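**Student:** For reference, the structure I am asking about is given below.
The values are calculated or read from the model by the stated rules, or taken from the named source; none is laboratory data. This is a predicted model, so every value here is computed, not measured. Note that each Cβ is placed from the backbone with ideal geometry, even for glycine, and that neighbours are counted across all protein chains shown. Accessible surface is based on the protein model in full, side chains and every heavy atom, while ligands, DNA and RNA are left aside. Shrake-Rupley method; radii C 1.70, N 1.55, O 1.52, S 1.80 Å.
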Amino acid sequence: MRLNDAPRFTLAQLPTPVEELPRLSAELGGPTLLVKRDDQTGLALGGNKTRKLEYLLADALSVQADVLITAGGPQSNHCRQTAAAAAKVGIDCDLVLGGEPPQETNGNILLDLFCGAKLHYTTGDRDQKMQEIAGERRAAGKVPYVIPVGGSNGLGSLGYVQAAFELVEQLKTVGDVDQIVVASSSGGTHAGLVLGAKLAGLSAEILGISIDQLPTQQPTFEVELSQIAQEAADRIDAQVQIRPEDFRLNYDYLGGGYGVIGHLEREAIWKAARSDALILDPVYTGRAFGALLDLVRRDQITGKRVLFWHTGGAPALFARVEDLMLPADT
Ligand SMILES: *Cc1c(COP(=O)(O)O)cnc(C)c1O
């Protein structure tokens, strides 16, 4: 099956815009910065999971699923967009969220509830919990469809193969870019982009900023990314071999761990908003954009035109207000 023949359920408003960041680019005196606005995909406040869900939801509907089950962190953007996708087609949604139930209902959690999702908290194994819920749902006569964390399998990453083709078209108007910087965590976005770049003839170097994957893990993150991308390639009969060496990752910005907001994230969020009214998120794009700013300052960015792929996540800001305030003396 070719990419254009892969079943897809329209959820996103595409193409998402490509914009320049003129004030910040001037202030830094480095490369011209551009942004791909996948925070504006349009599904329940948008984000990168929408593109993946177009393929995952189509697959779920093709097997007559009537309940989507997925999992994520305590303020998962993926879970929020999955809840929204389920609401759009009028099927149920069970979300497995890591951790203890929060003290307050806010951010993504509030939107999950608006969209009618059932929330299940666990401090244990999320995959196991999803299987448990799937079993219960089956016993009740439902047809569950389990989506992995982040929607990051070969099928979901087709959303980012398609996105690479979309960007190639847009660059014909806005001009080429030398580098693309993107937050990478469960990997489907990065994997799809690297495969899509190969297939669409996008020559820009793609640099993934690891949000929470460690350079020491086994199998390595690069191996996992290449497996997702190869699975996607095989699905669309693309005759390419994807190798771990096809992925460029930076592991220098792991900070205090997943979801821990430090100076890097805080500074990036305030700076992007004050200079060009670009709203980042506290977990992914705050970290990845903070990394980009730091790399520019250290002269580690070689490109003259660099595109930051905004993957969304702003609803989580409203769950983290205290941690995002600048110290009084700045
Ligand atoms: C999930 C997510 C990412 C990471 O994308 P992966 O495909 O999981 O690597 C980046 N940014 C935001 C806002 C996300 O929600």
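**Student:** Can you name the residue in region 183-201 that is part of a loop (DSSP other than H, G, I, E, B) and within 16 Å of Tyr55 (Cβ to Cβ) and is also farthest from the ligand (Cβ to nearest atom) among such residues?
**Tutor:** Checked region 183-201; the qualifying residue farthest from the ligand (Cβ to nearest atom) is Gly187.
**Student:** Scan region 153-182 for residues that are surrounded by 22 or more Cβ atoms within 10 Å (Cβ to Cβ), more than 8 Å from the ligand (Cβ to nearest atom) and outside any helix (DSSP H, G or I) and jot them down.
**Tutor:** Asn153, Val177, Ile180, Val181
**Student:** Specify which of the listed residues (Ile261, Ile206, Ile211) is under 30 Å from Asp5 (Cα atoms) and open to solvent by less than 40 Å² (accessible area, probe 1.4 Å). Give the derivation first.
**Tutor:** On the way: Ile261 fails: under 30 Å from Asp5 (Cα atoms); Ile211 fails: under 30 Å from Asp5 (Cα atoms).
The unique qualifying residue is Ile206.
**Student:** Then there is this: Kindly provide the set of residues from region 278-321 that are more than 25 Å from Lys52 (Cα to Cα), open to solvent by 60 Å² or more (accessible area, probe 1.4 Å) and at pLDDT 95 or above, ordered by number.
**Tutor:** Passing the criteria: Arg297, Arg298, Asp299, Gln300, Lys304, Val321.
**Student:** Determine which member of the set Gly73, Gly90, Gly98 is within 17 Å of the chain's Cα centre (by Cα) and not β-branched (Val, Ile, Thr). Step through it out loud before you land on a result.
**Tutor:** On the way: Gly90 fails: within 17 Å of the chain's Cα centre (by Cα); Gly98 fails: within 17 Å of the chain's Cα centre (by Cα).
Answer to the selection: Gly73.
**Student:** Please go through region 1-56 and pick out each residue that is assigned to a helix (DSSP H, G or I) and open to solvent by 10 Å² or more (accessible area, probe 1.4 Å). Spell out the reasoning first.
**Tutor:** Here is the first cut: in region 1-56, the residues assigned to a helix (DSSP H, G or I) are 3-5, 22-28, 38-40, 49-56.
The answer is Leu3, Asn4, Asp5, Pro22, Arg23, Ser25, Ala26, Glu27, Leu28, Asp39, Gln40, Lys49.
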